[in-house]
Structures are given as C-alpha cells and as structure tokens.
1. Does Ser211 satisfy the condition of being modelled with pLDDT under 95 and polar (S, T, N, Q)?
2. Take residues that are loosely packed, with under 15 Cβ neighbours inside 10 Å and assigned by TED's automatic domain parsing to the domain that holds Leu186 and tell me which of the strands (runs of 3 or more DSSP E) falling wholly in the stretch 110-162 contain 2 or more.
3. Given the condition under 21 Å from Ala175 (Cα atoms), in the same structural domain as Ile207 (by TED's automatic domain parsing) and not in a loop (DSSP other than H, G, I, E, B), answer yes or no: does some residue in the stretch 81-95 qualify?
4. Does the stretch 166-202 hold any residues that are within 18 Å of Asp134 (Cα to Cα) and among the hydrophobic types (A, V, I, L, M, F, W, C), and which are they?
5. Just to be sure before I move on: is Trp110 among the aromatic types (Phe, Trp, Tyr) and out of contact with any Asp or Glu (no Cβ under 9 Å at 6 or more places or on another chain) in the structure I sent?
6. Scan the stretch 163-198 for residues that are of a type in the set (D, E, K, R), surrounded by 19 or more Cβ atoms within 10 Å (Cβ to Cβ) and within 25 Å of the chain's Cα centre (by Cα) and report the count.
7. Which condition does Ser81 not pass, out of (1) surrounded by fewer than 12 Cβ atoms within 10 Å (Cβ to Cβ); (2) in contact with a helix residue (DSSP H, G or I) (Cβ under 9 Å, 6 or more places away or on another chain); (3) farther than 15 Å from Tyr184 by Cα, if it passes all the others?
Amino acid sequence: MNRPAPIVAELGRPETPEETAARKAESSRAYRSSQNVRSLVAALIVTLAVVAVIVFAVPRGEPASAPHVDLAGISADVESSMDRSVIVPELGTFWRVNKAELTSGSTVVWDVTLAPKDEDERGFIKFAQAFDADSSWAPQRLNGTAPTDTVTIDGREWDVYAPGDAGAKQNITYAIGTQVGADYVLLYGSRSAASTAELAESLTPQIDSLSEAS
C-alpha cells in the first residue's frame, strides 16, 4: 500500500517531483559550499602553522661582525716587500678598516678602505698612497676627474677634486690629494669635506715624516 506524499508546511500540499528534486539539489549545493569553506579554513590554519614553525625555528642572534683586518700587520708586510715606508691611518674610536692591500699595476698603490664604526654614521673614505706618482695619477682613481681647487689642512696644501657624475657609480663625492715626497696620497669617498679633512689632519705627522725622509 503506497503512503500518500507528506504535505509540506510551506506549501500546504505535497511536493511535486520537480520541487523535491530542486530542494535536494539546493541542499547538496549548500553542503558542498560549507565543505569548501571548512577546507579553506583548514588550509589557512595549516599554512599559518607552517609559517609559525619557520619563524620560530630560524636561529636568531646578532648579525655577523665584519672580519677583522690586521692593518698593522698588513702595512708591515707591505713596507717589507716594497722596502719603503707607508702611511698607516690611525683608526681611533671612529674608524674601522674594511680592506687593506697592495694594488699592483702601472703604479703600485697602498690601499686602505675606512668606514665609521658607528652604524648610524654613513659613508667611507679610501686612502691611497701611490708610489712614485704625482697628481697626474689621481684621475685614474676618480674616473678622469682633475683637481678644481686647493685647501690647506694643518699647514699642508691639498688638491681638491669634485668627481660629480664621474664618481656617481663608485659613490665618490669628494676627494683630496697631496704630494708626499715621491708619492701621491689621495683620500676619496662619500664622507663630507670636513670629515675627510679631519682624517687628513690625523695623517700630518706621518706625512711630514715621510716628506722629510724623501
């Protein structure tokens, strides 16, 4: 015996086959939609968990310090190999050495790169002592820039170079140079004229001593 179709309260009568099919289809759609949302939330939770593991698993610590450059030792080796005196910048509490080396070529050069110890201080200054050279050598380091002026620092006259666009690629904004006996000393980099002059002044005793010995 077939039971009569139940009366649907909203309709006040039994559902037609089409209405039943539509209701079941909508129910399936709603179920699938809820499953998609659950899957998305679950995937998001898993992703956040993986990120958290990576963040907390990566070792923390202080940034690696710059390697120590033995300026005194390297300069002594250069003096021994060249059999002549070299000027050694005094670091004090402000400067650190990033590089110190003897550069060979048509002109042999004693090169020292200095930067402030304080990370809040920007810029650098390169010291170069070109052996058996004069001011005509400097443009080789300054992309062809010639001196435009002179400045007196601690009683000594220095050539002033303004590299401008020529020094942009190397971040060189200012340079000064002076003849020291048979050698030419050049200070160049991205520090201010005042900072460069202060370094030059600290070199005066060694420059005077080398000039007198020549």
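1. Judged against the criteria, Ser211 is a match.
2. The strands (runs of 3 or more DSSP E) meeting that bar are 149-153.
3. Let us first name the residues in the stretch 81-95 that are under 21 Å from Ala175 (Cα atoms), namely 86-91, 94-95.
Among the residues that remain, those that are also in the same structural domain as Ile207 (by TED's automatic domain parsing) are: 86-91, 94-95.
Those left that are additionally not in a loop (DSSP other than H, G, I, E, B): 95.
Yes: the stretch 81-95 contains one or more residues that are under 21 Å from Ala175 (Cα atoms), in the same structural domain as Ile207 (by TED's automatic domain parsing) and not in a loop (DSSP other than H, G, I, E, B).
4. Start the filter on the stretch 166-202 by keeping residues that are within 18 Å of Asp134 (Cα to Cα), which leaves 175-188, 200.
Within the stretch 166-202, Ala175, Ile176, Val180, Ala182, Val185, Leu186, Leu187, Ala200 meet the criteria.
5. On the way: among the aromatic types (Phe, Trp, Tyr): yes; out of contact with any Asp or Glu (no Cβ under 9 Å at 6 or more places or on another chain): no.
Judged against the criteria, Trp110 is not a match.
6. First, pick out the residues of the stretch 163-198 that are of a type in the set (D, E, K, R): 165, 169, 183, 191, 198.
Next, from what is left, pick out any that are surrounded by 19 or more Cβ atoms within 10 Å (Cβ to Cβ): 183, 191.
Restricting the remaining residues to those that are within 25 Å of the chain's Cα centre (by Cα) gives 191.
Matching residues across the stretch 163-198 total 1.
7. (2)
The values are calculated or read from the model by the stated rules, or taken from the named source; none is laboratory data. Keep in mind the model is a prediction, meaning the values are calculated, not measured. Don't worry about glycine lacking a Cβ; one is built from the backbone with ideal geometry, like all the others, and counts go over all protein chains shown.
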